[in-house]
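Shown below is the structure under consideration.
The values are calculated or read from the model by the stated rules, or taken from the named source; none is laboratory data. Treat the numbers as computed from the prediction; the structure is a model and nothing was measured. Cβ: placed from backbone, ideal geometry, glycine included. Neighbour counts: every protein chain shown. Please note that ligands, DNA and RNA were not included when accessible areas were found on the heavy atoms of the full protein model with its side chains. Shrake-Rupley method; radii C 1.70, N 1.55, O 1.52, S 1.80 Å.
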Amino acid sequence: MSNYRNSTKIIADLLQATDQSGHHGIKVTSLLKKANLSHSRLGKFINNLTTAGLITKIIYENKNTFVITPSGKKYLKSYMEFSSITESFGLDL
């Protein structure tokens, strides 16, 4: 069995890290560390997540910062519920 994360898991990890950061958001460096991604790969995911309306980019303390949107919270909640169901059947997402 592979330990590689698929795109869906990476998105969930990014949303979870963003959600845990609170209303001030999370800066790129922290997001890179928490999501364990390269800067270029993170950029692609950030672009997709902002385009989909799951996170929003704001400027906080003169730095690009990302905050989860209500839609992002809904997506993350649904993902966590589905992940829990699949695990109860012994399946991996």
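Residue by residue, here is whether (1) touching a helix residue (DSSP H, G or I) at 6+ places or on another chain (Cβ under 8 Å); (2) modelled with pLDDT of 95 or more holds:
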residue: Val28; (1), (2): yes, no
residue: Thr50; (1), (2): no, yes
residue: Thr56; (1), (2): yes, yes
residue: Gly72; (1), (2): yes, yes
residue: Met80; (1), (2): yes, yes
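What pairs come up if the first residue lies in region 74-86 and is touching a residue at least 40 places away in the same chain (Cβ under 8 Å) and part of a helix (DSSP H, G or I), the second is of a type outside the set (S, T, N, Q) and open to solvent by 70 Å² or more (accessible area, probe 1.4 Å), and their beta carbons are under 6 Å apart, counting only those six or more places apart or on different chains?
Ser83/Leu93
Also: Quickly run through region 36-73 and pick out the residues that are of a type in the set (Gly, Ala, Ser) and exposed (fewer than 15 other Cβ atoms within 10 Å of the Cβ). Even if it seems obvious, please write down each step before you answer.
Of region 36-73, the ones of a type in the set (Gly, Ala, Ser) are 38, 40, 43, 52-53, 71-72.
Scanning region 36-73 gives Ser38, Ser40, Gly43, Ala52, Gly53, Ser71.
How many of the residues making up region 32-50 are more than 20 Å from Lys77 (Cβ to Cβ) and either under 12 Å from the mean Cα position of the chain (by Cα) or part of a helix (DSSP H, G or I) (or both)?
12
Yes or no: Lys57 of a type in the set (Lys, Arg) and not in a helix (DSSP H, G or I)?
Against the criterion (of a type in the set (Lys, Arg) and not in a helix (DSSP H, G or I)), Lys57 qualifies.
Of everything in region 74-93, what is at positive phi and surrounded by 12 or more Cβ atoms within 10 Å (Cβ to Cβ)? Give them in sequence order.
Matches in region 74-93: none.
Determine whether region 13-27 contains at least one residue that is open to solvent by less than 40 Å² (accessible area, probe 1.4 Å), of a type outside the set (Ser, Thr, Tyr), more than 19 Å from Tyr79 (Cα to Cα) and in contact with a Phe, Trp or Tyr (Cβ under 8 Å, 6 or more places away or on another chain).
yes
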